[in-house]
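Peer 1: Okay, handing you the structure first.
The values are calculated or read from the model by the stated rules, or taken from the named source; none is laboratory data. Quantities reported herein were computed from a predicted structural model and do not represent experimental measurements. Here the Cβ positions follow ideal geometry from the backbone for every residue, glycine too, while neighbour counts run over all protein chains shown. Note: accessible area is taken over every heavy atom of the protein model, side chains too, but ligands, DNA and RNA are not part of it. Shrake-Rupley method; radii C 1.70, N 1.55, O 1.52, S 1.80 Å.
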Amino acid sequence: MNGRNVIRYLARRLLWSLVGLFLLLTFVFFFAQLLIPGDWATQFRQVMTADQVAAIRHQLGLDLSLWQQYLHWLGQILTGHLGTSLSGAPVISTLRWALLWSLTEFVLAIGVAFVVGSWVGRVAGWLPRLRRSRGLSFMAVGAESVFPPWFTFALAFAVYLVLGRAGIVSMTQFNMSVWAAPAGWPAWAPPPGVQGVELWMVGTVAVFFVGSMLLSRANRVRRRRWSRRMASLLLVAGPVAVWMLVGVWAEAVDLSARLAVPTVTMAVLFYGEITLIVESVVADVRSEPFVDTARAKGLSEPQVRDRHAGRIALLPAVSRLAISLPVFMTALVIVEYSAAYQTANNLMVPSVGIGLILFTSLQNQDMPTVMAMLLAIGVLTLAMRLILDVLVVTLDPRIRTGESRSEERI
Amino acid sequence: MAARRGQAWRRFRRSGFGPVGLWLLGLFIVMALAEPLLLSTIWPRKIYHPLLGYDAPTVELTVVDNVTDPDTQIQLQLARSFDPLLHVGDTFTQHLQPAPPSWRHPLGTNATGQDVLSQLLAGAAPALEVGIGAALATILIGTGIAAVSAYYRGPIDTSLTTMSDSLLLLPAPILMIMIGFSDLGKHIGALQFGLLYGILAGASGAAIVLRTRALSIMASPYVDAARVAGAGPGRIITKHLIPNLVPLAAIYMLFGAAGAVITDGFVAWLSLGKTRYNWGTMIYTAVTSNASPQGGIAWNVLISSAIAISTFAGAFYLIALGIRTAANPRTHAKDSAP
């Protein structure tokens with residue numbers, strides 16, 4: 001396969017997946033409407049007369065036949081609208097913030113799991129065969145089989161105990177609405193409130209991340225040690241300084257504590273798979289000639305391990321991520337709901353992500369929102385799979401030059 | 001062939017993961033068998049039945065002056081609400097719900113007075129059923145789709161791959177929860193749940209990975225040789241394709257089983273699987289038992305069920321890891337070297 005064929009292959013796969021996603025959404029629509037008893041208006045039956053319920057149903061178009069409702073939804077999607085939730089709010093405004101929150105969790109979790117997991121995998125795989133302990137691998141399997149409801153519960157409990165007792169985080173009330181924009185707040189800046197704080201956090205961290213990446217790149221060119229330390233210092237201290245300057249420090253800490261529970265749970269779930277695959281690859285290549293060559297050049301052992309042997313493990317790890325992406329998205333939905341559920345125990349105020357909204361709207365049979373969330377999850381999975389596929393192609397010269405398709409590692 | 005199988009078994013055993021997983025699985029099978037046996041012999045049903053049993057140890061408490069601890073104050077208020085004439089120095093009996101571990105109840109009782117060990121044992125059988133159902137559906141459908149689409153290619157391949165690709169875009173628990181909401185969910189047993197999960201979620205993931213492997217098998221010389229010798233599709237698929245897919249298929253079968261058990265627990269934790277009883281229900285009751293007279297979380301219920309469900313899923317992952325180690329050709333070479 002040459003480069004052109006690869007692009008054609010990826011494009012065709014994407015196109016077919018979109019068709020499949022659309023068929024799947026159609027299936028979900030009819031399944032939910034036909035098999036789940038009642039509809040959105042049913043929840044008002046306790047407090048309203050039958051006539052009022054019928055009026056609501058008529059107003060929302062729920063009395064139309066299923067086909068008409070479906071065609072209505074289809075028309076909206078094809079013209080680029082996600083429609084309005086049955087509660088009246090446009091779905092897009094809910095989705096925007098939910099997407100920001102979920103993506104923050106997801107990207108952070110995958111990033112942490114990848115960095116920590118591949119490091120542990122490299123170290124464990126590098127040990128001599130006789131000294132290699134199974135403990136780390138057993139721990140990885142344990143991380144893979146964590147059941148989110150109890151883990152989030154234990155984590156929320158711990159965060160509450162540590163931070164709540166210390167008075168750093170007020171676990172029972174949301175600080176967010178307190179933060180109002182100071183006078184002279186520019187129109188282009190993030191709006192006040194929860195979303196504003198979220199945007200500030202994500203934005204500053206992203207900016208400083210890119211900045212420190214650039215700095216450490218410059219460092220590699222100029223071979224200066226200190227600037228690498230500067231880069232990591234900047235990554236931590238920069239956002240904190242900005243938050244303090246803008247005055248969102250307290251809210252940012254509060255939000256981080258809430259973000260921590262689902263993110264850490266997800267990172268633990270993803271960690272196992274990555275560390276196992278990296279460990280097995282590094283253990284395999286440990287006695288290959290190129291490793292001896294690198295050692296003979298006088299490189300230190302960590303350098304040989306991370307720069308030479310570890311790099312081989314990058315490709316299997318990334319292609320494994322691409323295969324496991326649906327599993328990870330499933331984990332996102334489960335973890336978000338589990339984390340939010342701890343509200344019932346007054347431990348946590350929920351953070352609203354895609355998975356949580358999907359659940360609650362499915363319970364109320366708010367079909368426009370359900371469909372929009374499923375569409376978002378599907379498109380997100382497709383987009384991330386495309387990114388990972390492109391990454392695999394860039395990492396694996398064999399695919400580009402047409403030697404062979406990289407063998408899937410079991 | 002037998003020698004090769006013996007080698008594979010030795011590698012599996014030496015991997016360290018496989019045997020542990022098998023032992024754990026054996027432990028859960030013993031648990032599932034022990035429950036009806038114990039209930040019919042030494043455990044009186046009235047006390048030890050996982051749902052209908054009730055037993056609460058009683059403690060004698062004496063009312064004292066100067067109560068400052070808020071928990072004790074609540075306890076005293078509660079006692080006074082039953083008996084307003086309680087004075088300092090009087091004793092009253094209190095039922096412990098949830099009760100801490102004792103000889104009578106090795107894992108204690110939960111907030112409504114049922115024996116936790118009995119509940120834990122009762123959760124093993126449905127979990128095994130879910131696992132078996134999902135494993136069967138995953139391996140049969142996944143291998144079938146992979147073999148057929150790799151053999152025939154063309155439009156059959158495209159449509160089957162698109163189907164499994166797009167089923168993966170929908171988080172599996174969502175489908176199972178939708179089924180739980182529907183009328184269908186009330187009649188679904190553990191085995192059916194597993195089968196449904198396997199069909200809707202497990203098989204599609206397995207099919208995609210297995211198809212890649214099947215394509216590379218189809219490109220190998222011995223398949224060409226079989227074709228030249230006049231073998232038809234049935235023979236090539238059953239004699240050449242499927243036997244070579246078995247190790248990989250077994251791994252994905254085990255992943256499917258573990259995923260199904262986790263999803264089953266999650267659906268039960270949402271208390272949608274009300275007709276069935278499993279470890280997810282136990283976790284649900286543990287974290288919502290704040291309303292019990294003693295207050296707080298029933299840690300004995302939470303910890304035991306959490307360990308059970310995670311170990312059960314972990315057993316499948318461990319066996320899969322063992323098979324992966326045994327089937328990986330690179331480890332062969334190293335193991336045979338001194």
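Peer 1: Has the stretch A:292-300 got any residue that is at pLDDT 85 or above, in contact with a Lys or Arg (Cβ under 9 Å, 6 or more places away or on another chain) and open to solvent by 50 Å² or more (accessible area, probe 1.4 Å)?
Peer 2: Looking for residues that are at pLDDT 85 or above, in contact with a Lys or Arg (Cβ under 9 Å, 6 or more places away or on another chain) and open to solvent by 50 Å² or more (accessible area, probe 1.4 Å), one finds at least one in the stretch A:292-300, hence yes.
Peer 1: When you check A:V261 against the structure, is it surrounded by 14 or more Cβ atoms within 10 Å (Cβ to Cβ), touching a residue at least 60 places away in the same chain (Cβ under 8 Å) and at negative phi, yes or no?
Peer 2: yes
Peer 1: How many of the residues making up the stretch B:177-200 are modelled with pLDDT under 85 and within 11 Å of chain A (Cβ to nearest Cβ)?
Peer 2: 10
Peer 1: Name every residue in the stretch B:208-265 that is within 30 Å of A:A331 (Cα to Cα), free of Cβ contacts under 8 Å to residues at least 40 places away in the same chain and open to solvent by 50 Å² or more (accessible area, probe 1.4 Å), in order of residue number.
Peer 2: The one that is within 30 Å of A:A331 (Cα to Cα), free of Cβ contacts under 8 Å to residues at least 40 places away in the same chain and open to solvent by 50 Å² or more (accessible area, probe 1.4 Å): B:V246.
Peer 1: I'd like to know if the stretch A:29-42 contains one or more residues that are more than 29 Å from A:T381 (Cα to Cα), more than 14 Å from chain B (Cβ to nearest Cβ) and open to solvent by 70 Å² or more (accessible area, probe 1.4 Å).
Peer 2: no
Peer 1: With respect to A:H58, determine if the residue is open to solvent by 60 Å² or more (accessible area, probe 1.4 Å), over 18 Å from A:L374 (Cα atoms) and not polar (S, T, N, Q).
Peer 2: yes
Peer 1: If you don't mind, another one. Kindly list the number of the only condition in (1) crowded, with 23+ Cβ neighbours inside 10 Å; (2) closer than 30 Å to A:R311 by Cα; (3) touching a helix residue (DSSP H, G or I) at 6+ places or on another chain (Cβ under 6 Å); (4) within 14 Å of another protein chain (Cβ to nearest Cβ) that fails for A:S137.
Peer 2: Unmet for A:S137, out of (1) crowded, with 23+ Cβ neighbours inside 10 Å; (2) closer than 30 Å to A:R311 by Cα; (3) touching a helix residue (DSSP H, G or I) at 6+ places or on another chain (Cβ under 6 Å); (4) within 14 Å of another protein chain (Cβ to nearest Cβ): (3).
Peer 1: Tally time: how many residues in the stretch B:151-176 are in a helix (DSSP H, G or I) and away from chain A (no Cβ under 13 Å)?
Peer 2: Counting residues in the stretch B:151-176 that are in a helix (DSSP H, G or I) and away from chain A (no Cβ under 13 Å) gives 4.
Peer 1: Same structure, new question: With (1) surrounded by 18 or more Cβ atoms within 10 Å (Cβ to Cβ); (2) modelled with pLDDT under 75 as the list, and B:A111 as the residue in question, which single condition is left unmet?
Peer 2: (2)
Peer 1: How many residues are within 21 Å of B:G113 (Cα to Cα), open to solvent by 100 Å² or more (accessible area, probe 1.4 Å) and acidic (D, E) when one looks only at the stretch B:37-88?
Peer 2: Final tally of qualifying residues: 2.
Peer 1: Only one of (1) within 30 Å of A:A257 (Cβ to Cβ); (2) within 14 Å of another protein chain (Cβ to nearest Cβ); (3) free of Cβ contacts under 8 Å to residues at least 60 places away in the same chain; (4) not hydrophobic (A, V, I, L, M, F, W, C) fails for A:S102. Which number is that?
Peer 2: So A:S102 meets the others, but not (3).
Peer 1: OK, next. Among the residues of the stretch A:339-356, how many are within 12 Å of chain B (Cβ to nearest Cβ) and at pLDDT 80 or above?
Peer 2: Within the stretch A:339-356, residues that are within 12 Å of chain B (Cβ to nearest Cβ) and at pLDDT 80 or above number 2.
Peer 1: With the checklist (1) surrounded by fewer than 17 Cβ atoms within 10 Å (Cβ to Cβ); (2) at pLDDT 85 or above; (3) of a type in the set (G, A, S) in hand, flag the one item A:G378 doesn't pass.
Peer 2: Here A:G378 meets the rest and fails (1).
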